[in-house]
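Inspection log for the structure reproduced underneath, given as structure tokens.
The values are calculated or read from the model by the stated rules, or taken from the named source; none is laboratory data. Predicted model, so just to flag it, every value in this text is computed and none were measured. Reconstructed Cβ throughout: ideal geometry from the backbone, glycine too, with neighbour counts over all protein chains shown. Note: accessible area is taken over every heavy atom of the protein model, side chains too, but ligands, DNA and RNA are not part of it. Shrake-Rupley method; radii C 1.70, N 1.55, O 1.52, S 1.80 Å.
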Amino acid sequence: MEPAQRTASKRTEVQMARSMCWHCQSEVTGEYFCQQCVKVQPLSKELDYFTCLGLPRLLTIDTARLEAKFYELSRTFHPDFFQNKTESEQGISLGNSALLNMAYRTLKDPIRRAEYLLQLEAGSAKDIRTPPPADLFEEILALQEDLEEFRSASSQQEATSLGQLRTKLQADQASLEQRQKDMEARLFELFMKWDSFQDRTGQDDRLRAEKDPVLKEMREILSNRTYLRSIVDDLVATTG
Amino acid sequence: MAYSEKVVDHFNNPRNVGSFKKEDEGVGTGIVGAPECGDVMKLQIKVQGERIVDAKFKTFGCGSAIASSSLATEWMKGKTVEEAGNIKNTDIVHELNLPPVKIHCSVLAEDAIKAALADYKKKAEASTNM
């Protein structure tokens, strides 16, 4: 189907399209369409989401620019505009639109953006993963036990203990939500720190040694945040 | 995806649910969790001599996590501390027929076993040094 797939050249500009047209085999100079035969070109599956949306690999992003680019490309690739084209072109339009939507959804949300970046950087970051602190497990366990007690009190209609438990659990919920906020604030600080590395040239060991702790801390925060969020969800569902 | 019969059995009739007092002599406690799915697992052993005479667990999580820890307590009872250290998550996967997406539950159970054994050893060492 795609004979030109394996002949990727080393183009220096943003490599949106494959270097050779899948249809007429001429060199593709335009970004999304072949200038010889005017066929739409598939976005490379290896393209990372930042490149796909024309953004530098940074964690603080210009959301207006992200949105503008997304709308522009959505119009470019929208399957509606390919209804009268060949099956191959319809397929490409669909594939490009799917990739684009995924890229936009991922980068729009700061948490998903950070998770995605960690995934991209996994080569270096996966070795520095540490388990969450043991006291967090104990805390979650204690909360789950309280929730269990609350559920059983509520099924037996023990009004007094139910009221006390509800007060306690609501206080716990408030403090957990505050901690989530603190974690997010710290996460955004780390975003700036990460981005400041990107302005520096050279991928030497010293830079690596500074980057890794930032990646590691982001990973820890994201993982602990997920944990807190799931217990908060339980709290809301049970006492709310 | 449907749970295997063995998972359903452990889920409906979990063995050895409960807890020991953490401070009691010969008790080792392991608390582990998986942030991705919000699970938390507590596994405790009671050791007399070198043998695990009783084991208890309390797990808040999915059926596979509950079944994995329930099975772990069953297996640990009667074993020596050293033997219990040889229980592998792959044994749990095999016994419970866990699908690939649930393998992490068995890993969690193995982590809990290791944590409980380590806690017991630490306490035992501390008391002999006193």
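Over chain A, DSSP H runs of length four or greater, each weighted -39,500 (n - 2.57), average out per residue to a 222 nm ellipticity of -22000 deg cm²/dmol. In sequence order, what are the phi-derived ³J(HN,Hα) couplings for region B:76-89 according to the Karplus relation 6.51 cos²θ - 1.76 cosθ + 1.60 with θ = phi - 60°, rounded to whole Hz, with x for glycine and proline? Computed from phi, the couplings for region B:76-89 are 6, 4, x, 7, 7, 4, 5, 4, 4, x, 8, 5, 10, 4 Hz. Net charge near residue B:43: determine it from the other residues with C-beta under 14 Å of the C-beta of residue B:43, scoring Lys and Arg +1 and Asp and Glu -1. Net local charge, residue B:43 excluded: +2. Computed from Cα positions, the angle between helix A:205-239 and the longest principal axis of chain A comes to roughly 50 degrees. For residue A:39, the residues whose modelled amide H falls within less than 5 Å of its own, excluding neighbours fewer than 5 places apart on the same chain, are A:34. Simple spin-label estimate for residue A:161 and residue A:181 gives 3.3 nm between the two label positions (7 Å along the Cα-to-Cβ direction from each Cα).
Can you tally the net charge around residue B:62? Count Lys and Arg as +1, Asp and Glu as -1, for every other residue whose Cβ sits under 14 Å from the Cβ of residue B:62.
Summing Lys and Arg as +1 and Asp and Glu as -1 gives -2.
Charged side chains reduced to their Cβ positions (Lys and Arg at +1, Asp and Glu at -1) give the protein assembly as shown a dipole of some 520 debye around its Cα centre. Entry note, chain B: the mean residue ellipticity at 222 nm calculated from DSSP H runs of n ≥ 4, each adding -39500 (n - 2.57), is -14500 deg cm²/dmol after division by the residues and rounding to the nearest 500. Within straight-line reach of residue A:69, meaning a Cα separation under 23 Å, sit the following lysines at least 8 residues removed in sequence or on another chain: A:39, A:45, A:108.
With a 10 Å cut-off around each Cβ of A:141-154, the average count of Cβ atoms from other chains is 2. Summed over both chains, the area buried between B and A is near 1100 Å², taken from the accessible surface of protein heavy atoms with a 1.4 Å probe. If you take all other residues with their beta carbon under 14 Å from the beta carbon of residue B:101, and give Lys and Arg +1 and Asp and Glu -1, the sum is -1. Per atom type, the protein assembly as shown shows carbon and sulfur on 51% of its accessible surface, probed at 1.4 Å.
Measuring nothing but how far apart in sequence close Cα pairs (under 8 Å, 6+ apart) lie, relative to its length, region B:16-74 scores a relative contact order of 33 percent.
Converting phi to 3J(HN,Hα) with the Karplus coefficients 6.51, -1.76 and 1.60 and the offset θ = phi - 60°, region A:57-68 yields 7, 10, 8, 8, 10, 7, 5, 5, 5, 4, 5, 4 Hz in sequence order, with x at every glycine or proline. When only Cα pairs below 8 angstrom with a gap of at least 6 residues are kept, region B:59-130 shows a relative contact order of 37 percent. Among the residues of A:220-231, the average count of other protein chain beta-carbon atoms within 10 Å of the residue beta-carbon is 3. The mean sequence distance of close C-alpha pairs (under 8 Å, at least 6 residues apart), as a share of the length of chain A, puts its relative contact order at 17 percent.
When the residues B:94, B:10 are ordered by accessible surface, computed with a 1.4 Å probe over the protein chains alone, the sequence from largest down reads B:94, B:10.
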